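Okay, so here's the structure we're looking at.
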Amino acid sequence: MNREKTVAKKRKVKYALVCGAGGFIGGHLVQRLKNEGFIVTGADLKKHEFNKTAADRFFVGNLTDPKFVNKVFDQKYDEVYQLAADMGGAGYIFTGENDSNIMTNSALINLNVLRKAVETKVGKIFYSSSACIYPEYNQLDPNNPKLSEESAYPAAPDSEYGWEKLFSERLFLAYHRNFGLEVRIARFHNIFGPQGTWRGGREKAPAAMCRKVAESKEGGVIEIWGDGKQTRSFLYVDECLEGVRRLMDSDFTGPVNIGSEEMVTINELAELVMKIANKKVKLKHIKGPLGVRGRTSDNKLIKKKLGWKPTTKLEDGLRETYSWISAQLEKAAK
Ligand code: NAD
């Protein structure tokens, strides 16, 4: 046993593995777990794009490859966070062009990780599902979407990404049932914040909006997909992590929503970013991949089960994100 492990054992330090540690939420989660005193191993296809990782160990490799997954599970973890997925914003998920990759890669990752989680007897495993599992038929009215947890069935997600997430939720639950694996499942709803993809096609609406406004001159024009009347809610990443950690520490398996109930239209999101930037730009509505008409989190279950729900205001989270993206743009321009 090496020195680090001996010290950890004495102090009852916990070992965590974050799959997807090179990504947006995974990167923040590694930092949070380190702050809480965990010894953290990260695994991802790539190192974190924007930060030096806070993880104690970091494996770079492909989690669809069982041999790589064997290598990552070289010790017993108290907690595993499975966040790795082939994903992106609407421009990646809704065009249809990436469907087979999305389904194959993400399902393989989950199958491989679950196999090793059982084999190595991990303490608990967290799975990040998505609001995209909810049926399209409940999200047609922008002012009245229905996304309570039990409304997931009869299933009718509007993307293959959503179908894979639903399949993998069931996979995690089956491993819980059949192997006694301690599983926790959350359905994330549009998480945003600094240190996430902000350009290149996989970025989500808040990052894209911040970038477009930051790049634009006063009175300039920015493009918005669709009529901008589709509604969404967005959750700041720190709140997401708070929810994840509370869920992991609870006895509740889930699935449970982790999202915001502050619903805005995409046009309103643009107005908010303009207010933060102190800049007025015109919106040009163009054709583009859209997703459902209305979506927001329903936080009744999380409140009931964990006695907590996220409360950070969208504007406050956007302020942090805008200032980070502006700094990235300045860096890129140098
Ligand atoms: P992200 O794309 O930044 O992170 C995912 C990470 O997984 C990436 O770093 C990627 O390199 C890694 N990955 C992908 N395929 C891999 C493979 N084959 N082997 C190893 N690593 C691989 O995304 P994120 O926003 O941080 O999301 C994290 C998780 O939360 C994902 O499972 C995502 O589906 C889920 N989720 C996110 C949101 C959101 O709004 N960000 C909403 C719902 C669900």
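Where a number appears in this text, it was derived from the coordinates with a stated rule and is not lab data. None of the values given here were measured: they were computed from a predicted structure. A quick note on method: Cβ atoms are made from the backbone with ideal geometry, for glycine too, and the neighbour counts reach across all protein chains shown.
Scanning residues 5 or more positions from F126 or on other chains, those with amide H under 5 Å from its amide H are V80, Y81, Q82, R184, with H placed 1.01 Å from N in the peptide plane. DSSP assigns beta bridges within the chain; of those with both partners inside it, close to 5 percent run antiparallel. Residues whose amide H falls under 5 Å from that of F188, counting only those 5 or more places apart or on a different chain, are S129, S130, A131, I258, with hydrogens built in the peptide plane. Segment 177-334 gives an Rg/Rh value of 1.03, both radii derived from C-alpha positions and Rh following Kirkwood. In the structure shown, the pairs K146/K331; K229/K275; K47/K275; K46/K217; K34/K146 are assessed against 30 Å; a Cα-Cα span above that value is assigned to K146/K331; K47/K275; K46/K217; K34/K146. Here the chain is treated as an ellipsoid with the same Cα gyration tensor; its semi-axes, largest first and in whole Å, are 33, 23, 18. Each of I266, V256, N278 was placed along the dipole of segment 232-285 (beta-carbon charges, centred on the mean Cα), and the one lying farthest toward the positive end is N278. Phi-derived couplings, Karplus 6.51 cos²θ - 1.76 cosθ + 1.60 at θ = phi - 60°, listed residue by residue for segment 92-101: 9, 7, 9, 7, x, 5, 10, 4, 5, 4 Hz, with x used for Gly and Pro. Let me make sure I get this right: for segment 249-319, a, b and c are the square roots of the gyration tensor eigenvalues over alpha carbons, sorted descending. Under 1.5 in a/c it's rounded, otherwise prolate if a/b > b/c, else oblate. Which is it? The shape class here is oblate.
Distance from the alpha carbon centroid of segment 118-159 to that of segment 171-187 works out to 15 angstrom. Using only the Cα atoms of segment 12-90, build the gyration tensor, take square roots of its eigenvalues as a ≥ b ≥ c, and label the shape rounded, prolate or oblate: rounded if a/c is under 1.5, else prolate if a/b is larger than b/c, else oblate. Here segment 12-90 falls in the oblate category. Amide H contacts under 5 Å for F58: G42, restricted to partners 5 or more places along the chain or on a different chain, H placed in the peptide plane at 1.01 Å from N. Classification of segment 89-142 by its C-alpha gyration tensor yields an oblate form. The axis ratio a/c (a ≥ b ≥ c) is 1.5 or more, and b/c is at least a/b. For segment 157-239, the calculated P(r), taken from all Cα-Cα distances in 10 Å bins from zero up to the bin holding the longest distance, is 13, 32, 31, 15, 7, 2 percent.
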